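Take this structure, written in structure tokens, and hold onto it; I'll ask about it next.
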There are 4 protein chains.
Amino acid sequence: METQSFREIVLQYKAVFFDAFGVLKNHKGLIPGIKETFEFLDENDIDYYVLTNDASRSPEQLAQIYQARGVYEITADRILSSGMLAREFILSKIKSGTVAYLGTKNSAHYIESQELSTLSIKDLSLQNMDHVKALVFLDDEGFDWNLDINKVINLLRLRNMSVVVANTDVAYPVSKHEIAVAIGGIADMVEEIVGKKFIRFGKPDAQMFMFAYEKVLEKRPIRRDEILMVGDTLFTDIIGGNKFGLDTVLVLSGNTLPDQARLKIDSSGIIPTYICDSIQIS
Amino acid sequence: METQSFREIVLQYKAVFFDAFGVLKNHKGLIPGIKETFEFLDENDIDYYVLTNDASRSPEQLAQIYQARGVYEITADRILSSGMLAREFILSKIKSGTVAYLGTKNSAHYIESQELSTLSIKDLSLQNMDHVKALVFLDDEGFDWNLDINKVINLLRLRNMSVVVANTDVAYPVSKHEIAVAIGGIADMVEEIVGKKFIRFGKPDAQMFMFAYEKVLEKRPIRRDEILMVGDTLFTDIIGGNKFGLDTVLVLSGNTLPDQARLKIDSSGIIPTYICDSIQIS
Amino acid sequence: METQSFREIVLQYKAVFFDAFGVLKNHKGLIPGIKETFEFLDENDIDYYVLTNDASRSPEQLAQIYQARGVYEITADRILSSGMLAREFILSKIKSGTVAYLGTKNSAHYIESQELSTLSIKDLSLQNMDHVKALVFLDDEGFDWNLDINKVINLLRLRNMSVVVANTDVAYPVSKHEIAVAIGGIADMVEEIVGKKFIRFGKPDAQMFMFAYEKVLEKRPIRRDEILMVGDTLFTDIIGGNKFGLDTVLVLSGNTLPDQARLKIDSSGIIPTYICDSIQIS
Amino acid sequence: METQSFREIVLQYKAVFFDAFGVLKNHKGLIPGIKETFEFLDENDIDYYVLTNDASRSPEQLAQIYQARGVYEITADRILSSGMLAREFILSKIKSGTVAYLGTKNSAHYIESQELSTLSIKDLSLQNMDHVKALVFLDDEGFDWNLDINKVINLLRLRNMSVVVANTDVAYPVSKHEIAVAIGGIADMVEEIVGKKFIRFGKPDAQMFMFAYEKVLEKRPIRRDEILMVGDTLFTDIIGGNKFGLDTVLVLSGNTLPDQARLKIDSSGIIPTYICDSIQIS
């Protein structure tokens, strides 16, 4: 499959949105050469953001991963997660009471505020649930899958409330050959069983791209077609970027393997503007 | 909603298939009056079987529940479970090697045989899985949902094998107001994530009705329209019975409540031949 | 079901988004009293837009329906259709060549531009299709369903291209008791058969609400929670408005009937901020 | 991909079920060599049936295609179509009144009987529909797709009745490179819009295999694992045969191309017992 030079492509744009996993990092750590890429973007006055379907950690904690490996360019304010959209929704819609969540204590920071109290699903009793005003799926860790998924199902059958899923992915990679169920996969199962409609945040949904676009506009006026979306997954990064009116780069450093890229593009009908091996600029 | 007398209806048939939960028993135990119903069927020489989407216990153990409460008519040979179909499939398709399963040791009896060894998913190591020839979803208990569901997903990504789901239900009742995820719901989530096609056994699939019909035919020749299917659920018992060519009774003693029956029939388009309050004959 | 006064509610907001069918008009024509509502909004300096999943007619033609009945407040620039988003996408993504469409000549105005030529699917020959760069589903009229749907399927199997659906609805009302398949329903069938991923525009997708929000912001700064979304359908208007951070009114003058509203809200988990009989202010 | 000899495989079985399209015939006519195969089966006393998801023509008309080309072995009584199951269902469930259908006059023979009158959907008036007791999807020809699909949708919204789909396929081949929407695809669209549950007959559903198995048993006792199912499609022929307990052959003479077979098997998890180039025995 013939690929193009990321360096030459990116010079045509004023801002870049990066997916994280498969583009900037993988199971071994950071993908080689990304520090040079971000230096190159800074030198050429090209703005950048990381868009991630991850509500398990705060932007500060996510940024720390890059900083600890010397990529100081990726600061917390450049990381936009689906958890931040979930937070915005909860704060605007729920004015008082308790928000229950599936996830770790750490992930719960996304929904904490002065007005709301938060409650891990593992600490909820179905005998005392009238104060619960909303439920958020944040992370696949921090609760007992058997006990607490069943508890969630009964909570939603007994009381009507807004339900938010802060990560649309159904699985995520944990090592070279292994994956794990993501909280989005658990949410799909619960939604099927209770028959209600959940509100999901994360790529490929337009709201994620709009959130990033608004950040870009705070600094300077830029048209959508002056922004490049870079991702390794056709069904989230590329279709979402295309639909929002961005140009798109499919990189082959993540879950779309070089020998499958053409077949996947042809069979899905999701067509990136460009294909690059990776975001290395040399 | 006007209902009819089960006694008068059943006299027109030569055999009856009963769903178990919501028809013969509920969260409180046996539904009142069923002993009289089975005595009445025996007196009138009407044959009967219980068809259940349950692979957690053997027919012997399931029969024990009725026997312990004095309903001696329901013997193990009258109970036909989706687990028995799963067993038949495994024995005919897998000639040697190991069959891995999700479920309790108790449920594993469905797949035991002289030729095959069985292995609980919780005892499987992904480093040593070449001997596994098939996987069966039997019961929602007996394994760690978090660790072992993830293990199953990676097993199926790494090796291609037949996968059998021995219960098509996504949830089951555990008390008056509470339900729990059934193994069929877990199987749906795994199937979505791995993108493979599983083989499912249980109502409303025709194979379950065919299995029961063959039992009936072993004793005497009966046409399908001489058999009555009795159930509390439109989407499994009634549509399955209708499609197989049986006449069907919807009873209102289980998950279809009297004040919702008409709405559910009209909105689903699944039309039972008759509607009865319960199977009580007096 | 207890409902609230639209007049009192709307006074708390700075802008209102209205769904068209079931809110402003129905099969008999305009819903009584809407002229007074728009006069009231003008008097109180409340901005308003109509958001419609309709790509069969231009905003000018859609406005004409209201104007001809004396509601001069609803001008073309206040009507935002999913067709306008489809147009924006096509113009940004397709730089030259032909865009094929399903729909009337009238609906094709949405995709016309100086750079692109448009071609009705009924005039396309599969022997000469190399110039076709994209396909748009615009309207359910203007082509032969049998011949031309089959032609579309083979076009998409033979060539990979961007496919846009300019209306997410699967059906629309044509009289008091009758509905018709909308172009979104036809697109679903084609997508299932060809196995590709189409790009859809229309409520409940966030892009539709963002488009309207940008219009509002052109005039003055307004926060999202200062905008009210009014609709008759939980699954498009209400869930879309909620997710975008707007407050929402479910009106009972369209496809959610008064005696079903509570049941539909409870079973779907889609909860409007308010429920009103209609948008009448007196 | 290494394939095996059909001749050697088939000698191990007492009966064979053949899919028609892609196995016995294709867009050019009969697949070369099939006459020799059927002579070979007769010589070796191996029984055979053709199982087809086709309700557009009667078994007599379908047999005529083979007979006209010299394959006299395939007689009408050896052809089992999904239309025959639909007929059986209708005759057992509908005792009087009118059965409406989508299809040609020719396809309607499947539902004709002394007790029932049949009515093409194109001749139905919604003003006079009280006599209609059931609806059957038979063939994609014989009606106006636009007018009559809309008429069907309104019929099903206005009256509750049994709905039967006599062909589960969503598309079928019409030439080397072209396909057309099958009646099963139209039924899927209608089912989505009206929200009701239709009854479908055809592979991979077990009822189709059971129907054929009963034919085999009329002649002599045979176990299921003594029967071979031969097909070109993993998702209908192979998974259906596997589940019913038959051994299965995937042939590469139809819609599974030789260079894709391994990939399709690995990604679907549907594993045929054998793979052969075609059913040629020499």
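D:ASP225 fails exactly one of the following numbered conditions: (1) within 11 Å of chain B (Cβ to nearest Cβ); (2) under 27 Å from D:VAL136 (Cα atoms); (3) in contact with a helix residue (DSSP H, G or I) (Cβ under 9 Å, 6 or more places away or on another chain); (4) without any contact (Cβ under 8 Å) to a residue 60 or more places away in the chain. What is the number of that condition?
(2)
Can you say whether B:LEU250 is crowded, with 23+ Cβ neighbours inside 10 Å, more than 9 Å from every other protein chain (Cβ to nearest Cβ) and of a type outside the set (D, E, K, R), as far as the supplied structure shows?
For B:LEU250, the condition - crowded, with 23+ Cβ neighbours inside 10 Å, more than 9 Å from every other protein chain (Cβ to nearest Cβ) and of a type outside the set (D, E, K, R) - is met.
I would also like to ask the following. Any idea which of D:THR37, D:THR98, D:THR75 is modelled with pLDDT of 95 or more, of a type in the set (S, T, N, Q) and touching a helix residue (DSSP H, G or I) at 6+ places or on another chain (Cβ under 6 Å)?
Working: D:THR37 fails: touching a helix residue (DSSP H, G or I) at 6+ places or on another chain (Cβ under 6 Å); D:THR98 fails: touching a helix residue (DSSP H, G or I) at 6+ places or on another chain (Cβ under 6 Å).
D:THR75 is the lone residue from the list that is modelled with pLDDT of 95 or more, of a type in the set (S, T, N, Q) and touching a helix residue (DSSP H, G or I) at 6+ places or on another chain (Cβ under 6 Å).
Just to check your reading of the model, which residue among D:PHE38, D:PHE17 is closer than 22 Å to D:ILE239 by Cβ and assigned by TED's automatic domain parsing to the domain that holds D:PHE235?
Details: D:PHE38 fails: closer than 22 Å to D:ILE239 by Cβ.
Every option except D:PHE17 fails the conditions.
Restricting segment C:159-175 to residues that are in contact with an Asp or Glu (Cβ under 9 Å, 6 or more places away or on another chain) and more than 7 Å from every other protein chain (Cβ to nearest Cβ), which is farthest from C:LYS133 (Cα to Cα)?
C:TYR172
For A:ALA166, state whether it is within 22 Å of A:MET84 (Cα to Cα), aliphatic (A, V, I, L, M), in contact with a Ser or Thr (Cβ under 6 Å, 6 or more places away or on another chain) and not assigned by TED's automatic domain parsing to the domain that holds A:LYS264.
Values: within 22 Å of A:MET84 (Cα to Cα): yes; aliphatic (A, V, I, L, M): yes; in contact with a Ser or Thr (Cβ under 6 Å, 6 or more places away or on another chain): yes; not assigned by TED's automatic domain parsing to the domain that holds A:LYS264: yes.
Spelling it out, A:ALA166 is indeed within 22 Å of A:MET84 (Cα to Cα), aliphatic (A, V, I, L, M), in contact with a Ser or Thr (Cβ under 6 Å, 6 or more places away or on another chain) and not assigned by TED's automatic domain parsing to the domain that holds A:LYS264.
Could you count how many residues in segment A:22-39 are outside any strand (DSSP E or B) and of a type in the set (Lys, Arg)?
Pass one, segment A:22-39, residues outside any strand (DSSP E or B): A:22-24, A:27-28, A:31-39.
Next cut, of a type in the set (Lys, Arg) only: A:28, A:35.
Within segment A:22-39, residues that are outside any strand (DSSP E or B) and of a type in the set (Lys, Arg) number 2.
Which of the residues that make up segment B:176-193 are closer than 30 Å to A:HIS177 by Cα and facing another protein chain (nearest Cβ under 8 Å)? Show your work before the answer.
So the first thing to find is which residues in segment B:176-193 are closer than 30 Å to A:HIS177 by Cα, and the list is B:181-193.
Matches in segment B:176-193: B:VAL181, B:GLY185, B:ILE186, B:ASP188, B:MET189, B:GLU192, B:ILE193.
Considering each residue of segment A:133-154, count those that are over 26 Å from the mean Cα position of the chain (by Cα) and either in a strand (DSSP E or B) or more than 14 Å from every other protein chain (Cβ to nearest Cβ) (or both), and give that number.
Qualifying residue count for the region: 0.
Now a separate question. Just to be sure before I move on: is B:SER120 surrounded by fewer than 17 Cβ atoms within 10 Å (Cβ to Cβ) and either of a type in the set (Phe, Trp, Tyr) or away from every other protein chain (no Cβ under 13 Å) (or both) in the structure I sent?
Values: surrounded by fewer than 17 Cβ atoms within 10 Å (Cβ to Cβ): no; either of a type in the set (Phe, Trp, Tyr) or away from every other protein chain (no Cβ under 13 Å) (or both): yes.
The answer is no for B:SER120.
Also, I was wondering about something else. Can you find a residue that is surrounded by fewer than 21 Cβ atoms within 10 Å (Cβ to Cβ), within 28 Å of B:VAL132 (Cβ to Cβ) and within 14 Å of chain D (Cβ to nearest Cβ) anywhere in segment B:55-76?
no
Also, quick follow-up: Whether any residue in segment A:40-48 is under 30 Å from C:ASP225 (Cβ atoms), surrounded by fewer than 16 Cβ atoms within 10 Å (Cβ to Cβ) and free of Cβ contacts under 8 Å to residues at least 24 places away in the same chain is what I want to check.
No; the residues of segment A:40-48 include none that is under 30 Å from C:ASP225 (Cβ atoms), surrounded by fewer than 16 Cβ atoms within 10 Å (Cβ to Cβ) and free of Cβ contacts under 8 Å to residues at least 24 places away in the same chain.
Any residue at all in segment B:113-123 that is free of Cβ contacts under 8 Å to residues at least 24 places away in the same chain, among the aliphatic types (A, V, I, L, M) and outside any loop (DSSP other than H, G, I, E, B)?
yes
Something else now. Filtering segment C:272-282 down to residues that are in a loop (DSSP other than H, G, I, E, B) and touching a helix residue (DSSP H, G or I) at 6+ places or on another chain (Cβ under 6 Å), which residue is farthest from the other protein chains (Cβ to nearest Cβ)? Talk me through it step by step, then tell me what you get.
Taking segment C:272-282 and keeping what is in a loop (DSSP other than H, G, I, E, B), we get C:272-273, C:277-282.
With touching a helix residue (DSSP H, G or I) at 6+ places or on another chain (Cβ under 6 Å) added as a condition, the list becomes C:272, C:279, C:281.
Values: C:PRO272: 11, C:ILE279: 23, C:ILE281: 26 Å.
Only one residue fits best here, namely C:ILE281.
State yes or no: is C:THR273 surrounded by fewer than 23 Cβ atoms within 10 Å (Cβ to Cβ) and closer than 29 Å to C:LYS35 by Cβ? Let's see the steps before the verdict.
Details: surrounded by fewer than 23 Cβ atoms within 10 Å (Cβ to Cβ): yes; closer than 29 Å to C:LYS35 by Cβ: yes.
Yes, satisfied.
Among the residues that make up segment A:224-244, is at least one of them at pLDDT below 95, assigned by TED's automatic domain parsing to the domain that holds A:GLY29 and β-branched (Val, Ile, Thr)?
No, segment A:224-244 contains no residue that is at pLDDT below 95, assigned by TED's automatic domain parsing to the domain that holds A:GLY29 and β-branched (Val, Ile, Thr).
Would segment B:147-161 turn up any residue that is surrounded by 20 or more Cβ atoms within 10 Å (Cβ to Cβ), in contact with a Phe, Trp or Tyr (Cβ under 6 Å, 6 or more places away or on another chain) and hydrophobic (A, V, I, L, M, F, W, C)?
Scanning segment B:147-161, I find no residue that is surrounded by 20 or more Cβ atoms within 10 Å (Cβ to Cβ), in contact with a Phe, Trp or Tyr (Cβ under 6 Å, 6 or more places away or on another chain) and hydrophobic (A, V, I, L, M, F, W, C), so the answer is no.
Would you point out the residue of segment C:82-106, among those that are outside any helix (DSSP H, G or I), small (Gly, Ala, Ser) and without any contact (Cβ under 8 Å) to a residue 60 or more places away in the chain, that is farthest from C:ASP47 (Cα to Cα)? Walk me through how you get there before you give the answer.
At the first step, the residues of segment C:82-106 found to be outside any helix (DSSP H, G or I) are C:94-106.
When the remaining residues are screened for being small (Gly, Ala, Ser), the result is C:96-97, C:100, C:103.
Those left that are additionally without any contact (Cβ under 8 Å) to a residue 60 or more places away in the chain: C:96-97, C:100.
Values: C:SER96: 38, C:GLY97: 39, C:ALA100: 37 Å.
Selected residue: C:GLY97.
Suppose we filter C:ILE193, C:ILE183, C:ILE238 for residues that are out of contact with any Phe, Trp or Tyr (no Cβ under 7 Å at 6 or more places or on another chain), closer than 30 Å to A:LYS264 by Cβ, surrounded by 18 or more Cβ atoms within 10 Å (Cβ to Cβ) and of a type in the set (A, V, I, L, M); which single one remains?
Numbers: C:ILE183 fails: out of contact with any Phe, Trp or Tyr (no Cβ under 7 Å at 6 or more places or on another chain); C:ILE238 fails: closer than 30 Å to A:LYS264 by Cβ.
The unique qualifying residue is C:ILE193.
Since B:TYR213 meets every condition but one in (1) within 29 Å of A:ILE153 (Cβ to Cβ); (2) crowded, with 20+ Cβ neighbours inside 10 Å, which condition does it not meet?
(1)
Sticking with this one: Picking from B:ILE79, B:ILE65, which residue would you name as being farther than 16 Å from B:PHE17 by Cα and in contact (Cβ under 8 Å) with a residue 24 or more places away in the chain?
Details: B:ILE79 fails: farther than 16 Å from B:PHE17 by Cα.
Every option except B:ILE65 fails the conditions.
I've got another one for you. Any residue that is within 14 Å of chain B (Cβ to nearest Cβ) and basic (Lys, Arg) - is there at least one of those in segment D:203-214? If you could, list the steps in order and put the result at the bottom.
If we filter segment D:203-214 for residues that are within 14 Å of chain B (Cβ to nearest Cβ), which is where we start, we get D:203-214.
In the following step, the residues that additionally are basic (Lys, Arg) were identified as D:203.
Yes, some residue in segment D:203-214 is within 14 Å of chain B (Cβ to nearest Cβ) and basic (Lys, Arg).
Still on this structure: Output the number of residues of segment B:40-77 satisfying the condition of being small (Gly, Ala, Ser) and assigned to a helix (DSSP H, G or I).
Quick first cut of segment B:40-77, residues small (Gly, Ala, Ser) only: B:55-56, B:58, B:63, B:68, B:70, B:76.
Restricting the remaining residues to those that are assigned to a helix (DSSP H, G or I) gives B:63, B:76.
Of the residues in that region, 2 qualify.
Can you find a residue that is among the small types (Gly, Ala, Ser) and surrounded by fewer than 20 Cβ atoms within 10 Å (Cβ to Cβ) anywhere in segment A:2-22?
Start the filter on segment A:2-22 by keeping residues that are among the small types (Gly, Ala, Ser), which leaves A:5, A:15, A:20, A:22.
Pick out the ones that are also surrounded by fewer than 20 Cβ atoms within 10 Å (Cβ to Cβ) and you get A:5.
Checked segment A:2-22: at least one residue is among the small types (Gly, Ala, Ser) and surrounded by fewer than 20 Cβ atoms within 10 Å (Cβ to Cβ).
The values are calculated or read from the model by the stated rules, or taken from the named source; none is laboratory data. All of these numbers come straight from a predicted model, not from anything done at the bench. All Cβ positions, glycine included, derive from the backbone under ideal geometry; neighbour counts span all protein chains shown.
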